[in-house]
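Values in this text are rule-based calculations from the coordinates and carry no lab data. Source: prediction; values computed, not measured. No Cβ is skipped: glycine too gets one built from the backbone with ideal geometry, and neighbour counts run over all protein chains shown.
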Ligand SMILES: Nc1ncnc2c1ncn2[C@@H]1O[C@H](COP(=O)(O)OP(=O)(O)OP(=O)(O)O)[C@@H](O)[C@H]1O
Ligand SMILES: [Mg+2]
């Protein structure tokens, strides 16, 4: 199977992109797939908090032309009892690296787009990955747009309040429609009372003209363990893990 590249993106921060991307990577790997998970949130790297890697190179090094992408990947699935595998590439969380990535010029960003597209080909060729998952930073920063442009599909993660909606609408018109990628919405952290009835789904689909792939309720306990645990592996019977299992099928079919 050709590598399917999916970006998890949003307009506003904190919608659940990193949690959903990491859990889906684990779900696909548990099913026996080979997954590559890349932290493209160079402004606020998060996956290194979850996996505590000790990488020889960061993705920053790859984008700066200092290594091959394979050298920036760490096998983080080892010991997790997975049938498949997860190889992850990490954004450098040091202040120096974050500041460096914030001050790149347009020419550098164009080069980074080429390197991201090459990374996708290399990950297909040398890892034989079934899925390439980009965890992006919210909004329209270049690094996120580079990930979106290198993906086959975009999963837009949103909480569905009105603050989120206006900016999201503009971003969908200005970026997603221009790139012409398949897109689907994941509504996350939705108060339990709003989940039933389906009214919230219809409203969002009409506003954005993108199908809703799933609605995930807000579970307070998740806020407390954010960044510490992959729920789908540690608590597979939790409703959050079950919701993501359902979602994994719909995303695979995008
Ligand atoms: N369905 C949910 N219910 C409750 N809390 C959730 C849910 N999904 C994610 N969270 C929590 O919300 C917080 C933010 O999640 P996460 O870091 O995944 O969001 P993000 O979109 O990646 O944020 P950022 O834009 O800053 O990268 C975390 O504490 C996470 O555990
Ligand atoms: Mg994140």
*In nm, to one decimal, how far is the modelled label at residue 121 from the one at residue 178, with both set 7 Å along Cα→Cβ?*
2.5 nm
*Which residue, 99, 34, 43, tops the fluctuation ranking in a GNM of the chain built on C-alpha contacts under 10 Å?*
99
*Extension gain, residue 1 back to residue 31 (0.36 nm per residue minus Cα-Cα distance, nm)*: 9.3 nm
*Estimate the FRET efficiency between residue 149 and residue 246 by the formula 1/(1 + (r/R0)^6), using the beta-carbon distance for r and 41 Å for R0, to the nearest 0.05.*
0.90
*asked:* Can you tell me, using C-alpha contacts under 8 Å and at least 6 residues apart, the relative contact order of the chain as a whole percent?
replied: 28 percent
*For region 19-95 and region 101-174, what is the separation of their C-alpha centers, rounded to whole Å?*
15 Å
*Principal axis box of region 4-249, alpha-carbon based, largest edge first, Å*: 52, 41, 32
*For the pair residue 78 and residue 164, how long in nm is the line joining their label points, each one 7 Å along Cα→Cβ?*
3.8 nm
*asked:* Pick from 12, 202, 182 the residue whose mean-square fluctuation is largest in a GNM of the chain, springs joining Cα atoms under 10 Å.
replied: 202
*Averaging sequence separations of C-alpha pairs under 8 Å and six or more residues apart, then dividing by the length of region 92-233, give the relative contact order as a whole percent.*
18 percent
_What value in Å³ per residue do you get for the convex hull of the alpha-carbon atoms in region 116-182?_
90 Å³
*Mean residue ellipticity at 222 nm from the helices of the chain, using -39,500 (n - 2.57) per DSSP H segment of n ≥ 4 over the full residue count, to the nearest 500 deg cm²/dmol?*
-11500 deg cm²/dmol
*Rg to Rh ratio, region 51-128, alpha-carbon atoms and Kirkwood radius?*
1.01
*Backbone N under 18 Å from the residue 104 label point (7 Å along Cα→Cβ), restricted to region 22-57*: 37-48, 57
